Structures are given as C-alpha cells and as structure tokens.
Amino acid sequence: MDSTSTASPQGNTFADHAAHAALDTQRFENQGDQYADSLLREARAHVYHWSADFPGFEASLILLDGAERHYGDLRVRSSRDITLGCPGAPEEAAAWARSQLEELVAHRESPDVSKMASKAGVTRGDLHAVYGTRVTFTGDRMESYYRIADHKIVEIGRAYGKMRFVIHIDEHQECDNRYAASHYTVFYFDRATDALTKVETYLDRYTRVGDYFLPAERRYTEAAAGKLHTRALLLQGTRLITPA
C-alpha cells in the first residue's frame, strides 16, 4: 500500500448502515406466517456466505471508468476494514470503488459478522409467474419485501425518503451448492409520482481461491438523466491473508 491508501471510515460503511436498518426493524418484530417464514429461511440458507472465521484477502485492483483506467491494490479484512490504494484515481471514483467493495464483501460475510439480515417476521403475498412468491417484512419502516423462486431471492423491494426501488436478480453464480447474485438490475422510482428516475445494472463474477469464492469483477452501468455511465472493478492476483 502507498501513501494514497485509505482505510474504511469508522461507522460509515455499507454494512454499518445495513446492520443499523436491520436492528431498527427488529423493534417491530412479528412472527409472520409459517409458510412465508419457511420460504425465507430456505432462501437464506441457499445464499453463499463465507465462514465466520474468514481470514480476508489481498488483490491488485483495476478501476475502469469510461475511457480511464486506474491501478491500485486492496486489502480486505471485513466490510468494515478495507484498505484501498488507487493512485491517480479521482476522489469520487475512488469513493465509488470503496462503496462497491464494501457492499460486495458485506453480502458475502457470515450473517453473524455482517448482522445485516433483518429478523422481522414475514407474511405471504401474491405469486408472480416469473419472480415467485412475495414475502413482506411486517412492521418494516422501509416497506421491505422479497420475492422467492427456486429457493432463491430473485426480487427485493424497499422504500426510503422520497424514493423506492426494486431489484430484479436474474442470474446467480453457484458457489459450493449455494448461490451469489451475479446479474441484477435496480429500478428507482419517485414515491410521490411513481416516475422512474434511475436504473442501475450490475454484473458480478466470483473466483475460487482456496476454500472461498472471492470477488473477481463488478461491472456497473447507471442510466439517469438521459445518460449512461459504466464503470468496472477487476480484482487480480487475489490471495487469502495468512493468519499471523
């Protein structure tokens, strides 16, 4: 790492915000109905997570931003402990890279580590022919719901502030008989008018390193205000951190 390296700011990571939201929801905990709870438990059991004793990893990083290419390096202990060095990258692009890495890592961490998963009960809703059964989190301030099909979470809906969003997960990568979302689209709507305000697409790829599947690529495109903006993160030479 060089002098441009920065560590994750304390209390300001994706995982911290998500864990806070999950804890906030627990204050409204409701047991839900048995069928919906069973669907949710089974879907969560099929999500690929690292073990609670995951040692972390290091990698070389390439940040692609339009016509620009920036090189750096990366050390990850957890979603709350990321050191990223990317000399020459604009501050905004480097901040975007950090937020994407925090999200990628937080979703792979053991739930005991990330504490992201809400424990609110769920109730069953309608059945969609493509995206499956809707399960709604009771008492959730963000009006959260999932749709579950083939033992996988394939749609996520939430609302906060003046917006709501829906995520369609159309492809999962199999990782040791469990699954990590690998191709998904996020649709953002204005809550007052229902107008579509932004669309984001994500393409993630994982590669096996030792006993773990680790991030290898994230490709991101944002469509907003009549423009497209595509970025990508490529991780190379990825290696697990050897315990001291």
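The values are calculated or read from the model by the stated rules, or taken from the named source; none is laboratory data. These numbers were taken from a predicted model, which means no experiment stands behind them. No Cβ is skipped: glycine too gets one built from the backbone with ideal geometry, and neighbour counts run over all protein chains shown.
Whether any residue in the range 61-69 is in contact with an Asp or Glu (Cβ under 9 Å, 6 or more places away or on another chain), surrounded by 17 or more Cβ atoms within 10 Å (Cβ to Cβ), among the hydrophobic types (A, V, I, L, M, F, W, C) and more than 23 Å from Thr230 (Cα to Cα) is what I want to check.
No: the range 61-69 contains no residue that is in contact with an Asp or Glu (Cβ under 9 Å, 6 or more places away or on another chain), surrounded by 17 or more Cβ atoms within 10 Å (Cβ to Cβ), among the hydrophobic types (A, V, I, L, M, F, W, C) and more than 23 Å from Thr230 (Cα to Cα).
Sort out which residues of the range 77-94 are assigned to a strand (DSSP E or B) and out of contact with any Pro (no Cβ under 9 Å at 6 or more places or on another chain), and write them in order of number.
Once the filter is applied, which keeps residues that are assigned to a strand (DSSP E or B) and out of contact with any Pro (no Cβ under 9 Å at 6 or more places or on another chain), the range 77-94 yields Ser78, Asp81, Ile82, Thr83, Leu84, Gly85.
Pull out all pairs, ordered by first then second residue, where Cβ-Cβ is under 8 Å, the residues are six or more apart or on different chains, the first lies in the range 93-107 and is closer than 16 Å to Phe54 by Cα, and the second is part of a helix (DSSP H, G or I) and not small (Gly, Ala, Ser).
Filtered contacts from the range 93-107: Glu102/Phe14; Ala106/Phe14.
Name the one entry in Ala195, Ala216 that is surrounded by 12 or more Cβ atoms within 10 Å (Cβ to Cβ), on the phi < 0 side of the Ramachandran plot and small (Gly, Ala, Ser).
Just a single option satisfies the conditions, and that option is Ala216.
Considering each of Asp194, Asp190, Asp176 in turn, give the residue that is over 18 Å from the mean Cα position of the chain (by Cα) and closer than 30 Å to Thr238 by Cα.
Asp176
Suppose we filter the range 166-192 for residues that are closer than 18 Å to His107 by Cα, surrounded by 14 or more Cβ atoms within 10 Å (Cβ to Cβ) and either among the hydrophobic types (A, V, I, L, M, F, W, C) or in contact (Cβ under 8 Å) with a residue 40 or more places away in the chain (or both); how many remain?
The number of residues fulfilling the criteria is 10.
So which of Asp170, Asp140 ends up being in a loop (DSSP other than H, G, I, E, B) and of a type in the set (Asp, Glu)?
Asp140
Within the range 57-69, identify whether any single residue is under 30 Å from Tyr146 (Cα atoms) and either modelled with pLDDT of 95 or more or of a type in the set (Phe, Trp, Tyr) (or both), and answer yes or no.
No: the range 57-69 contains no residue that is under 30 Å from Tyr146 (Cα atoms) and either modelled with pLDDT of 95 or more or of a type in the set (Phe, Trp, Tyr) (or both).
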